[in-house]
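Notes follow the structure.
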Amino acid sequence: MRVSIPKLLGLGFSMMLGGYVFVVAPQMPGKIVSHIAHAVGGGQARASTAQSAPLFPPPGKKFVGIMTNSGPYDFTQLDRFTKAVGHQPSVYEFAQGWAVNQFDRSAIDKVAKRGMLPLISWEPWDYTHRSKIASLVGDQPAYNLSHIINGDYDGYIRSWAEGVKNLPYTIAIRFAHEMNGFWYPWGVFTNGNSVGEYVRAWRHVHDIFTRIGAKNVIWVWSPNIIWNDSTNLAELYPGNSYVDWIGLSGYYGTPGTLLYKSFDATFAKTIAQLRRFTSKPLVITETGATNVSGLMAHWITQMFRQLPTHTGIIGVIWFEAFRVIDWQVADYPAAAAAFRAEFGSSLYRMEWQPGMRPLLTVPLRHSHAGGRLATAPSAAPTGAAAPPSATTTSPAKPTESAPTASSSPARPVPSKSPTLSPTSSATPTATTPGHRKLP
């Protein structure tokens, strides 16, 4: 073999590259090495793998989830529900309060190991020190929205962002839900808060997660169903770039529900308003039905039959707990049988696995809302509508409209439910970590 200048140069370059790979690179900070790996294709390969991961829920399907009193600290209610309805839910929702619950990976891992997407209702308040007076239940000045905006809780928020970032799977966070009420300290009708402050607080929390790199979060913005005439939900919306899924809380059997209301009748008005400003996937993050007049099974059957018409709804989470009213399907054989019969449909059957990525777009052209076809907004906003600067006034007592003839049983159902939503009673009792307790 004849030695030539090009061959010598090539040999020298190979030796330099080998020295870099085996000597220099291992001594470099991990961040720099990762940038180099990305430049030569490693990062692109990872991104490609993430994009090819299966979606949750699969397009065209809807998941069924559960929320209980005890969360990941006791799965008894989950196991009873699963046995009663024949299938384990694929999403498990539980609450974590800022004053009580530090980031606890073990609790979240317990849910994931059971094959369910962890959905955390992340609540900025002290649920162990609520007022027993209903009108003052949300009055906790330490958790006024301005304190979040001003950075008073940044250390706590960062601790969660760091913890979530290190999880090997994606979770959902339902931050400061039911903000269009008065029963939580972050509500716009209590604690001196204003509409504009809610949007700023949401974005502040979200931005901290973004800066830290906790991108494995499905952000769930979750108002209560419309219950008064004082709230424009668009003013409370942080914007499409800050939200992944929309959530809604709504029940049959809460205060003021003097007549039977089907699933459609419960949610249609609110969904119609939401679709004027966002086309994000919708999850019913809390729902349930009373059996006071023996109609829980009927309501469940109607819910499952009406869900397919809502192409924008990707999941429903049942509140399987006793809160003043017994909302537990497992306690009523007829209700459990109705749930089992419908849950067995292929539309609702699926499994969540770590590594799945969230479904972020849904077709809306065939969605049913209040008896009319709803269409996606022509241009989804990237920010919230300009909110008023003045603090909002206190809401009037909730009222309920009469049901439509097409969805109502023949007789009205008296309500024996509490004066607030099932997960927000004013009377505290002993608490279980991660959730608020009611009498």
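The values are calculated or read from the model by the stated rules, or taken from the named source; none is laboratory data. The structure displayed is predicted, hence computed values, not measured ones. Glycine also receives a Cβ, built like all others from the backbone with ideal geometry; neighbour counts cover every protein chain displayed. Side chains included, ligands, DNA and RNA excluded: accessible areas come from the protein's heavy atoms. Shrake-Rupley method; radii C 1.70, N 1.55, O 1.52, S 1.80 Å.
Got a number for the accessible area of Y251? Probe 1.4 Å, square angstrom, nearest 10.
20 Å²
Applying 1/(1 + (r/R0)^6) with R0 = 41 Å to the Cβ-Cβ distance of Y73 and S293, what FRET efficiency is obtained, to the nearest 0.05?
Approximately 0.75, to the nearest 0.05.
Quick one: grab the alpha carbon gyration tensor of region 113-157, order the square roots of its eigenvalues as a ≥ b ≥ c, and give me rounded if a/c is under 1.5, else prolate or oblate depending on whether a/b is larger than b/c. Walk me through the intermediate numbers first.
On the way: a/c = 3.29, a/b = 1.36, b/c = 2.42.
Here region 113-157 falls in the oblate category.
For T128 paired with T361, estimate the spin-label separation in nm (one decimal), with each label point 7 Å from Cα along the Cα-to-Cβ line.
Going from the T128 label point to the T361 one covers 4.7 nm.
Would region 85-183 count as rounded, prolate or oblate if I go by the C-alpha gyration tensor, calling it rounded below 1.5 in a/c and otherwise prolate when a/b exceeds b/c, oblate otherwise?
Note, shape of region 85-183 comes out oblate.
For R114 and D152, what is the calculated FRET efficiency with R₀ set at 35 Å and r taken between the beta-carbons, to the nearest 0.05?
Details: r = 35 Å, r/R0 = 1.01.
Between R114 and D152 the formula returns 0.50.
Would you work out which of L145, T128, A107 lies farthest towards the positive end of the dipole of region 80-169? Charges go on Cβ: Lys and Arg +1, Asp and Glu -1.
A107
Using a cut-off of 15 Å between beta-carbons, work out the net charge of the residues near H87 (Lys and Arg +1, Asp and Glu -1, H87 not included).
Summing Lys and Arg as +1 and Asp and Glu as -1 gives +3.
Could you tell me the calculated FRET efficiency between K269 and T309, based on Cβ-Cβ distance and R0 = 25 angstrom, to the nearest 0.05?
Result of the calculation: an efficiency of 0.95.
Output the relative contact order of region 116-274, whole-number percent, from Cα pairs under 8 angstrom with separation of 6+ residues. Mind dumping the intermediate values first?
Values: 243 pairs, mean separation 37.7, N = 159.
24 percent.
Averaged per residue, what accessible area in Å² does region 289-359 show with a 1.4 Å probe, protein chains only?
Ligands and nucleic acids excluded, the figure is 35 Å² per residue.
Please compute the modelled spin-label separation between N228 and N166, points set 7 Å along Cα→Cβ, answer in nm with one decimal.
It works out to 4.3 nm between the two label points.
Which whole-number percent gives the relative contact order of region 195-292, counting Cα pairs below 8 Å spaced six or more residues apart?
Rounded, it is 32 percent for region 195-292.
Sort 290-298, 178-186 by the packing proxy (mean of other Cβ within 10 Å over each peptide's residues), most packed first.
The densest-packed peptide leads the list: 178-186, 290-298.
Give the shape of region 170-258 as rounded, prolate or oblate, defined through the alpha-carbon gyration tensor: a ≥ b ≥ c are the square roots of its eigenvalues, a/c under 1.5 means rounded, and otherwise the shape is prolate if a/b is larger than b/c and oblate if not.
Verdict is prolate for region 170-258.
Treat each spin label as a single point 7 Å out from the Cα along the C-beta direction, and report the L136 to D331 distance in nm.
Here the answer is 3.0 nm between the modelled labels.
On a full-extension model of 0.36 nm per residue, what is the gain between R276 and D104, subtracting their alpha-carbon distance, rounded to one decimal in nm?
Gain in length upon complete extension: 58.1 nm.
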